[in-house]
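Chemist: There's a structure below that I have some questions on.
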Amino acid sequence: MVGLTLIRGADSGAVCLDGTLPGYHLHRGHGSGANSWLIQLEGGGWCNNIRTCVYRKKTRRGSSNYMEKQLQFTGILSDKAQENPDFFNWNRVKLRYCDGASFSGDGQNQAAQLQFRGERIWRAAIDDLKAKGMRYANQALLSGCSAGGLAAILRCDEFRNLFPGSTKVKCLSDAGLFLDTADVSGGRTIRNLYNGVVELQSVKNNLPRICTNHHDPTTCFFPQNLISQMKTPLFIVNAAYDTWQIQSSIAPTSADPSGFWHDCRLNHGKCTPAQLRFLQGFRDQMLRVVKGFSMSRQNGLFINSCFAHCQTERQDTWFADDSPVIRKKVVAIAVGDWYFDRAEVKLVDCPYPCDKSCHNLVFR
């Protein structure tokens, strides 16, 4: 169990939605990993209007008052070589997520007593960690899952620039490839959600200029419009049938008033042939999005045909005897081979239902 450290830089205005101090969990590295740093950005959706952000204030996703004081580090954060062969002895950090805009907002709403300070939280955490030795890192990896996986993409080049050129710096996005896609009714559920986040939380000025110089800010909150322009090596781990995207972006209840998708969105085993065809179309779109990105030698890819979400933090999907594999490689080895330049890693699964190694999620 790793304890919570509150970041005392509140004079910088780095606070959670409710004004409490943000925090992270740090487990020190040792031996060959003493000067290597892994920063894991926590995920947990977004809040896109006053109502959802006010609700979020009363949870660990908007206030450090509700955060666990201790967290178990598993998967890519584990300190055991047999659970995490390449990063177990690094300095491992989990930065808690309490702003609701993927560490990217900078504004406030005084009437609702909401602070949108994700970008300041990111900066304050980085300053704190640099003071604790990260400035001397010879190796660094910025990773994140879900909304944290999106943040890892948004902040990747900035993270690279924190270190001298001699430091090996790469980024990893797990389940962060949220697609700008139509829902089952033809609407734009996720684009509308992102538009609300970007507008409400004043995200625009904290998005990569390489995108906002040409596109509107909401477009630049979608990873597909960023990944091919990034300078820093990036590894994308994503399920081709990402369960969060199926439930909240492709077939949310708002787009499915008749409930036709209800069973399928909770359990892929209950999808009709027509529904599976729709989901195969989503997978096709994901593969088109990463096509140019994967041409670059420096980038890595692990897209498995599973109904899953976030596979690097869970021990069973990161590195275990029965972990998901593509061409006999588990996620942990794929990421390690790529980070340490042991091999070029571009792994894309055949379409569902061919992969028998998946740990598919089923919801009640």
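Chemist: Just to be sure, is residue 76 in contact with a Lys or Arg (Cβ under 9 Å, 6 or more places away or on another chain) and aliphatic (A, V, I, L, M)?
Modeler: It is true that residue 76 is in contact with a Lys or Arg (Cβ under 9 Å, 6 or more places away or on another chain) and aliphatic (A, V, I, L, M).
Chemist: Continuing with the same structure: Which residue pairs have Cβ atoms under 6 Å apart, sit 6 or more places apart or on different chains, and have a first residue in region 259-284 that is under 13 Å from residue 247 (Cα atoms) and a second that is open to solvent by 60 Å² or more (accessible area, probe 1.4 Å) and not in a helix (DSSP H, G or I)?
Modeler: As it stands, the answer is 266/363; 267/362, since those pairs meet every condition given.
Chemist: While we're looking at this one, here's another question. Could you list, in sequence order, the residues of region 1-56 that are buried (at least 21 other Cβ atoms within 10 Å of the Cβ), more than 24 Å from residue 178 (Cβ to Cβ) and out of contact with any helix residue (DSSP H, G or I) (no Cβ under 9 Å at 6 or more places or on another chain)?
Modeler: If the condition is that a residue be buried (at least 21 other Cβ atoms within 10 Å of the Cβ), more than 24 Å from residue 178 (Cβ to Cβ) and out of contact with any helix residue (DSSP H, G or I) (no Cβ under 9 Å at 6 or more places or on another chain), then 29, 36 are the ones that fit.
Chemist: Still on this structure: Kindly indicate the residue of region 330-344 that is touching a residue at least 24 places away in the same chain (Cβ under 8 Å) and closer than 19 Å to residue 306 by Cβ and also surrounded by the most Cβ atoms within 10 Å (Cβ to Cβ) among those meeting that condition.
Modeler: 335
Chemist: Restricting attention to region 345-364, and to residues there that are open to solvent by 40 Å² or more (accessible area, probe 1.4 Å) and not in a loop (DSSP other than H, G, I, E, B), which single residue is farthest from residue 168 (Cα to Cα)?
Modeler: Among them, the one singled out is 348.
Chemist: Now for a different question. If only one of 233, 257, 223 is open to solvent by 10 Å² or more (accessible area, probe 1.4 Å) and under 25 Å from residue 46 (Cα atoms), which one is it?
Modeler: Numbers: 233 fails: under 25 Å from residue 46 (Cα atoms); 223 fails: open to solvent by 10 Å² or more (accessible area, probe 1.4 Å).
That would be 257, the only listed residue that is open to solvent by 10 Å² or more (accessible area, probe 1.4 Å) and under 25 Å from residue 46 (Cα atoms).
Chemist: Do you know which residues across region 191-205 are in a helix (DSSP H, G or I), open to solvent by less than 30 Å² (accessible area, probe 1.4 Å) and over 17 Å from residue 227 (Cβ atoms)?
Modeler: Correct list: 196, 197, 198.
Chemist: Restricting attention to region 313-343, report how many residues are under 22 Å from the mean Cα position of the chain (by Cα) and assigned to a loop (DSSP other than H, G, I, E, B).
Modeler: Number satisfying all stated conditions: 7.
Chemist: Out of all the residues in region 57-91, which are outside any helix (DSSP H, G or I), open to solvent by less than 50 Å² (accessible area, probe 1.4 Å), within 14 Å of residue 20 (Cα to Cα) and touching a residue at least 12 places away in the same chain (Cβ under 8 Å)?
Modeler: Of everything in region 57-91, those that are outside any helix (DSSP H, G or I), open to solvent by less than 50 Å² (accessible area, probe 1.4 Å), within 14 Å of residue 20 (Cα to Cα) and touching a residue at least 12 places away in the same chain (Cβ under 8 Å) turn out to be 57, 62, 63, 67.
Chemist: In region 136-190, which residues are in contact (Cβ under 8 Å) with a residue 60 or more places away in the chain, of a type in the set (Asp, Glu) and surrounded by fewer than 24 Cβ atoms within 10 Å (Cβ to Cβ)?
Modeler: Once the filter is applied, which keeps residues that are in contact (Cβ under 8 Å) with a residue 60 or more places away in the chain, of a type in the set (Asp, Glu) and surrounded by fewer than 24 Cβ atoms within 10 Å (Cβ to Cβ), region 136-190 yields 157, 183.
Chemist: Another one. For the condition touching a residue at least 40 places away in the same chain (Cβ under 8 Å) and either of a type in the set (Asp, Glu) or in contact with a Gly (Cβ under 9 Å, 6 or more places away or on another chain) (or both), what is the one hit in 129, 114?
Modeler: 114
Chemist: Checking residue 100 against (1) touching a residue at least 60 places away in the same chain (Cβ under 8 Å); (2) under 24 Å from residue 168 (Cβ atoms); (3) assigned to a loop (DSSP other than H, G, I, E, B): exactly one of these is not met. Which one?
Modeler: (2)
Chemist: While we're here: Report the residue count in region 1-27 for those that are among the charged types (D, E, K, R) and either touching a strand residue (DSSP E or B) at 6+ places or on another chain (Cβ under 6 Å) or part of a helix (DSSP H, G or I) (or both). Show your work before the answer.
Modeler: Start the filter on region 1-27 by keeping residues that are among the charged types (D, E, K, R), which leaves 8, 11, 18.
Then drop every residue that is not either touching a strand residue (DSSP E or B) at 6+ places or on another chain (Cβ under 6 Å) or part of a helix (DSSP H, G or I) (or both), which leaves 11.
Residues that pass the stated criteria total 1.
The values are calculated or read from the model by the stated rules, or taken from the named source; none is laboratory data. Just so you know, these numbers come straight off a predicted model, no measurement behind them. Ideal geometry is used to build each Cβ from the backbone, glycine not excepted, and the neighbour counts take in all protein chains shown. Quick note on the areas: whole protein, heavy atoms, side chains included, nothing else; ligands and nucleic acids left out. Shrake-Rupley method; radii C 1.70, N 1.55, O 1.52, S 1.80 Å.
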